[in-house]
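Bear in mind these aren't lab numbers, they're just calculated from the coordinates by the rules spelled out. Bear in mind the structure is a predicted one, so any value in this text is a computation, not a measurement. Please note: Cβ atoms are built from the backbone with ideal geometry, for glycine as well, and neighbour counts cover all protein chains shown.
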Amino acid sequence: MEYGFNIPERRTACPQRRHRRDRAQGEACGYSILAIPDHIIIPRTIGANYPYSPDGKLNFATLGAGECLEPLALMASVAGQTKTAKVLTSVMVVPYREPMLTAKLVSTIDHLSGGRTILGCGAGWMPEEFVAVGAPPYAERGKVTDEYIDIYRELWTKDAPSFNGKYRSFSDIYFAPKPKQRPHPPIWIGGESAPAMRRAVKPRRRLVSDRLQPAPPARLAETLSRGARCAEAHGGGGEARFATLDLAYWSVWTSGTGAPVKASDGERMLLTGSADDIAGDIAAMKGLGVNHVLFNFLSATRQETLDRIEAFAKTVLSKVR
């Protein structure tokens with residue numbers, strides 16, 4: 001099983017020296033995935049559409065008053081400052097970027113890193129940012145995401161790539177070099193919605209769940225069962241493909257051990273509580289087919305972040321390795 005954590009996209013939260021030390025500390029402690037979120041700009045007015053809070057409202061403090069580094073550029077920097085860790089976009093909003101350029105950027109970073117990129121993909125949640133960056137219509141984001149991912153694969157795997165879609169068409173081109181990883185960098189599909197699960201069961205894709213509201217441990221099995229049913233409804237042996245998916249889980253609420261968080265029915269929330277509680281959850285998740293788990297160790301100070309990275313590895317990960 002692989003473990004990782006997210007790194008900040010804010011310049012003020014992650015000056016270059018802090019980045020290097022966090023990454024080095026992570027690699028030294030055995031974490032093998034570094035995750036990077038995606039925003040290009042932050043609108044000053046955002047509606048109640050945020051998927052990771054009960055009321056759909058966003059706390060602007062989490063977005064650093066509009067400050068964010070571009071994730072693919074940050075991915076290249078992180079790759080250049082690490083030796084073994086994989087670098088994951090978690091998740092890149094696919095419709096924000098022209099697909100041929102995105103495919104070239106990821107292919108380039110994959111070469112420069114020696115094959116350590118993972119492309120986490122999502123359809124997006126913020127209509128205002130779609131408008132601001134000139135992306136295709138928000139209402140069509142699912143179709144755009146599917147088409148763009150198909151374009152990535154076409155460019156990465158075909159000697160004479162060509163494509164005729166609703167949003168982008170091309171032919172009679174070279175696309176070289178191909179990514180270092182073959183047939184291409186792993187594609188992780190973010191989300192737990194029905195469209196995300198249908199998207200994930202397509203060939204050579206994976207599923208990463210990034211729910212902010214952590215369910216009690218038993219409910220994870222229910223979620224995966226729902227995903228299998230959704231995949232089967234998609235047709236073409238979807239349920240069988242879902243059973244073989246390489247599953248990842250981003251526990252953005254887990255920063256360390258402590259008092260367990262309780263659900264409304266009194267059950268302990270997933271990946272909260274003591275070291276033994278969390279280690280037990282990880283073991284149960286592994287039994288359900290989850291192969292990658294990411295945590296959130298970010299804190300207001302650099303030293304506290306480093307302490308969390310090291311303490312979690314010693315108290316929890318040492319029990320499950």
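Couple of notes before you dig in:
- Maximal additional length on extending the VAL131-GLU27 stretch stands at 33.6 nm, based on 0.36 nm per residue less the C-alpha distance.
- Spatial separation of Cα centroids for segment 24-43 and segment 73-116, in angstrom: 12
- Whole-Hz Karplus values for segment 121-128 come out as 10, x, 8, x, 9, 10, x, 5 Hz, taken residue by residue from phi with 6.51 cos²θ - 1.76 cosθ + 1.60 and θ = phi - 60°; glycine and proline positions read x.
- GLU310 paired with GLU70, simple spin-label distance in nm, labels 7 Å along Cα-to-beta-carbon: 3.6
- For the cross-link pairs LYS86/LYS178; LYS104/LYS202; LYS143/LYS286; LYS178/LYS286; LYS178/LYS202; LYS158/LYS286, the ones whose C-alpha atoms lie over 27 Å apart are LYS143/LYS286; LYS178/LYS286; LYS158/LYS286.
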